[in-house]
Amino acid sequence: MKKQILVVRSMFYKDISDILLGYTQQAIYDPNVTKDGWVGAEMIPIEVTGVFEIPVTISKFIDRYDAAIALGCVIKGETPHFEFISRSSIDAIMKLSIEHKKPIGNGIITCLNKSQASARQHTKGQEAANAVIDVLKQLNI
């Protein structure tokens, strides 16, 4: 039976989010790209407004799925808002993963500018998916 992976993505930087999702899908579905050729999952995407909404959304649905992946982007501005959103979102995702004993891949790009985000958008979603796949296989979930 295929594993069900919830993918929650922030739409705040939609152009980046779309690319992250595409590479996440490729990592989950394409046997030429998936970790060790493993194709044992189905991806269920949900869209949220921003990165801050990702943890609560995962929390609401985590019991229905075998794993989750968080996708989004936070770019530093001129205020400390970047640090608060980045830290609280990443910490909440890690806490959910530990509490529910399920892998949650971190595909949230945190960077200083759009150029850095663009440089990472082609790898971050795939890395998050591969991390989830690794844990699912290791734990034989």
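Each reported figure results from applying straightforward, stated rules to the coordinates on display, with no laboratory input. These numbers were taken from a predicted model, which means no experiment stands behind them. Neighbour counts run over all protein chains shown; Cβ positions are idealised from the backbone, glycine included.
First select every other residue whose beta carbon is under 10 angstrom from the beta carbon of Ile109; then total the charges, Lys and Arg +1, Asp and Glu -1.
Computed value for this residue: +2.
Which pairs break 21 Å Cα to Cα here: Lys60/Lys114; Lys2/Lys102; Lys14/Lys137; Lys2/Lys124?
Those over the limit are Lys60/Lys114; Lys14/Lys137; Lys2/Lys124.
Among residues other than Arg9 whose Cβ falls under 11 Å from its Cβ, what is the net charge (Lys/Arg +1, Asp/Glu -1)? Show your work: numbers first, answer last.
Details: positive: Lys14; negative: Asp18, Glu47, Glu53.
That sum, taken over residues with Cβ under 11 Å, equals -2.
For Gln138 paired with Ser115, estimate the spin-label separation in nm (one decimal), with each label point 7 Å from Cα along the Cα-to-Cβ line.
Between Gln138 and Ser115, the label points sit 3.6 nm apart.
If amide hydrogens are placed 1.01 Å from N in the peptide plane, which non-local residues have theirs closer than 5 Å to the one on Val74?
Long-range HN contacts for Val74: Ile109, Thr110, Cys111.
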